[in-house]
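Student: Below are the structure tokens for one structure; questions will follow.
Read the figures in this text as sums done on the coordinates, not as results from a lab. Keep in mind that what you see is a predicted model, and the values were worked out from it rather than measured. Here Cβ is always computed from backbone atoms with ideal geometry, including for glycine, and neighbour counts include all displayed protein chains.
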Amino acid sequence: MLPTSVAEKEHRRIHRISLSLPIRVEVQVDQTNSWSEITRLSDISSFGAGFVLKRPVKRGRLLQLTMPLPRQLRNYDFLEPQYRIWGLVRRCVPISEKKGDESYALGVAFVGKRPPQSYQENPAKLYDILHREEDGMWMVIEAPAIPDENDLPKIEQRQTRFPIPLSIFVEVIDTNGNTIATENTVTENLSLSGAAIFSTLDLAIGSFLRITCDQYNTTIISVVRGKRTGNDCIPRLHVEFIDRYFPLEGIA
């Protein structure tokens, strides 16, 4: 049972404590697609939490958390059996690189009972921390298109792209995971969490892909986030990796 003195409760509100409670993490990929995972807390405070997931979540993403948190650590809903709160991903680093057994350590900052209105319009939008409110919640703003992340370790940077041409096999998949179109192509550039790929496929933003790179023995589920035609008149797709990072170690 947690201590109840005022000083100790305030200490626990501010400092992370080890508390292995079950937590449900829900990630909205876009307006129609989402995934969730049940895991356990690594540490927790009133203002943030740490836990491990089997999939990566990009830094700057919002996600919803549900857990049976003791009321001493809550900011609202003190009598509800489950505490539901939105968190902003501040770090996501791989802690296991064994194929088929990947896992990622996440650190999130609590931002409140409801997400920003702009999230409702575009769940894929990225955010950044502005400041912490008096009630302990972090105020967020929309992240700039090209944020300055030079002070972050490479593993935590969102936008670092390397001009690496890799041969890949692209499968367009439907909501049941069935392949409905394929293409052999190459990447124009590549990061841990996404890529630009040359493609003649006429796909809508939000389409799901299965991208396989035999050279690095990797298959990654991805979603189309944008498309453009370069000055060379060749169309590109901009994709986000959503179930693991690309194994850049050794090539970048």
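Student: Would you calculate the separation in nanometres between label points at CYS233 and GLU249, each defined as 7 Å from the Cα along the Cα-to-beta-carbon direction?
Tutor: Inter-label distance under the simple model: 4.4 nm.
Student: Listed highest first by mean packing, meaning other Cβ atoms within 10 Å per residue, what order do 189-202, 33-46 come in?
Tutor: 189-202, 33-46
Student: Roughly speaking, what is the stretch gain from ASP128 to ASP101, that is 0.36 nm per residue apart minus the C-alpha to C-alpha distance, in nm to one decimal?
Tutor: Numbers: separation 27, 0.36 × 27 = 9.72 nm, distance 2.98 nm.
Once the chain is fully extended between ASP128 and ASP101, it gains 6.7 nm.
Student: Work out the FRET efficiency for ILE173 and ARG40 from their Cβ-Cβ distance, taking R0 = 22 Å, and round it to the nearest 0.05.
Tutor: 0.10
Student: Then there's this: Given a Förster radius of 22 Å and the C-beta distance between ALA204 and GLU26 as r, what FRET efficiency does 1/(1 + (r/R0)^6) yield to the nearest 0.05?
Tutor: 0.35
Student: How would you rank CYS92, CYS213, CYS233, going from fewest to most other Cβ atoms within 10 Å of each one's own Cβ? Kindly include the intermediate steps, with their values, before the conclusion.
Tutor: Values: CYS92 23, CYS213 18, CYS233 6.
Lowest count first: CYS233, CYS213, CYS92.
Student: If you don't mind, another one. Measure off 7 Å from each Cα along the Cα-to-Cβ vector at TYR216 and ASN33, then give the distance between these two points in nanometres to one decimal.
Tutor: Each label point is offset 7 Å from its Cα along the Cβ direction, giving 2.0 nm.
Student: Okay, next question. Run the numbers for GLU80 and VAL186: contour at 0.36 nm per residue of separation, minus the present Cα-Cα distance, in nm.
Tutor: Extra length from GLU80 to VAL186 when fully extended: 33.1 nm.
Student: How about the range 52-81: which trypsin sites (Lys or Arg not before Pro) there are in a DSSP loop, with at most 14 other Cβ atoms within 10 Å of their Cβ? Kindly include the intermediate steps, with their values, before the conclusion.
Tutor: Working: sites: LYS54, LYS58, ARG59, ARG61, ARG71, ARG74; in loops: LYS54, LYS58, ARG59, ARG61, ARG74.
Qualifying residues, ordered by number: LYS54.
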